[in-house]
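Student: Provided herewith is a single structure, encoded as structure tokens, for subsequent inquiry.
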Amino acid sequence: QVQLVESGGGLVQPGGSLRLSCATSGIIFRIYTMAWYRQAPGKQRELVASISRAGSTNYSDSVKGRFTISRDNTENTVYLQMNSLEPEDTAVYYCNIDNRALAKYWGQGTQVTVSS
């Protein structure tokens, strides 16, 4: 059974940092590109960052230079380090598997709120 469990969200002031984690099970984690998405209230879910099985990374323009995606294939976990957070980063953050058959699986997400 495929499971994705996000954690690490919270309330942070503008300029602050958070580190999100997504623990996976039920998949051969090391072979898949993994991604982080976010969904703000009233908006569509958007791709934030992705990391290939080889460690190549891509970022949306809105987070480039502030967020860093990484993975630990021994722990089957993908991370998102978020620095210099802005109120516009407020959203529920989700991880996802970049695979046509497995992309249907989503975790419960983790809420990130950036506010003073």
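Student: About its Cα centre, how strong a charge dipole does the chain have in debye, to the nearest 20, once Lys and Arg get +1 and Asp and Glu get -1 at the Cβ? Write out the running numbers ahead of the final one.
Tutor: On the way: 11 positive and 9 negative charges, 58 e Å.
That gives the chain a dipole magnitude of about 280 debye.
Student: Hey, another quick one. Taking θ as phi - 60°, what are the ³J(HN,Hα) couplings along segment 34-47 by the Karplus curve (6.51, -1.76, 1.60), each to the nearest whole Hz, with x for Gly and Pro?
Tutor: Here the 3J(HN,Hα) series is 10, 9, 10, 10, 9, 9, 8, x, x, 10, 6, 5, 10, 6 Hz.
Student: Considering only protein heavy atoms and a 1.4 Å probe, what is the carbon-and-sulfur percentage of the accessible area of the chain? Kindly include the intermediate steps, with their values, before the conclusion.
Tutor: Working: 2760 of 6280 Å².
Solvent-exposed carbon and sulfur of the chain make up 44 percent of the total.
Student: Also: Tell me the per residue accessible area of the chain using a 1.4 Å probe; a whole number in Å² is fine. List each step's numbers first, then the result.
Tutor: Details: 6280 Å² over 116 residues.
It amounts to 54 Å² per residue over the chain.
Student: Ok, one more. I need the shape label for segment 71-111. Rule: rounded when a/c is under 1.5, else prolate if a/b > b/c, else oblate, with a, b, c from the alpha carbon gyration tensor.
Tutor: Working: a/c = 2.65, a/b = 1.47, b/c = 1.80.
Oblate, because a/c is 1.5 or more while a/b does not exceed b/c.
Student: Okay, next question. Taking 0.36 nm per residue of sequence separation and subtracting the Cα-Cα distance, how much length would be gained by fully extending the chain between Ala101 and Leu11, in nm to one decimal? Let's see the in-between values first.
Tutor: On the way: separation 90, 0.36 × 90 = 32.40 nm, distance 3.39 nm.
The Ala101-Leu11 span can extend by a further 29.0 nm.
Student: Sticking with this one: How would you classify the chain from its alpha-carbon gyration tensor, with a ≥ b ≥ c the square roots of the eigenvalues: rounded for a/c under 1.5, else prolate if a/b is greater than b/c, otherwise oblate?
Tutor: Numbers: a/c = 1.80, a/b = 1.59, b/c = 1.13.
Prolate is the answer for the chain, as a/c is 1.5 or above and a/b outweighs b/c.
Student: Okay, moving on. Tell me, in nm to one decimal, what length is gained between Lys43 and Lys64 on full extension, where the rule is 0.36 nm per residue of separation less the Cα-Cα distance? Walk me through the numbers on the way to the answer.
Tutor: Working: separation 21, 0.36 × 21 = 7.56 nm, distance 2.01 nm.
Gain on stretching Lys43 to Lys64: 5.6 nm.
Student: What nm distance separates the two modelled labels at Thr113 and Gln3, each placed 7 Å from Cα along Cα→Cβ?
Tutor: Distance between label points: 2.7 nm.
Student: Now, a different point. In whole angstrom, how far apart do the alpha carbon centroids of segment 34-80 and segment 97-116 sit?
Tutor: Centre-to-centre distance over Cα atoms comes out at 10 Å.
Student: Please report the net charge: other residues with Cβ closer than 14 Å to the Cβ of Thr74, K and R +1, D and E -1.
Tutor: On the way: positive: Arg30, Arg53, Arg71; negative: Asp72, Glu75.
Local net charge: +1.
The values are calculated or read from the model by the stated rules, or taken from the named source; none is laboratory data. Only a predicted model underlies this, so the values are computations on that prediction, with no experimental measurement involved. With ideal geometry, Cβ positions are generated from the backbone for all residues, glycine too; neighbour counts draw on all protein chains shown. Protein only, heavy atoms only, side chains kept; ligands, DNA and RNA dropped before computing areas. Shrake-Rupley method; radii C 1.70, N 1.55, O 1.52, S 1.80 Å.
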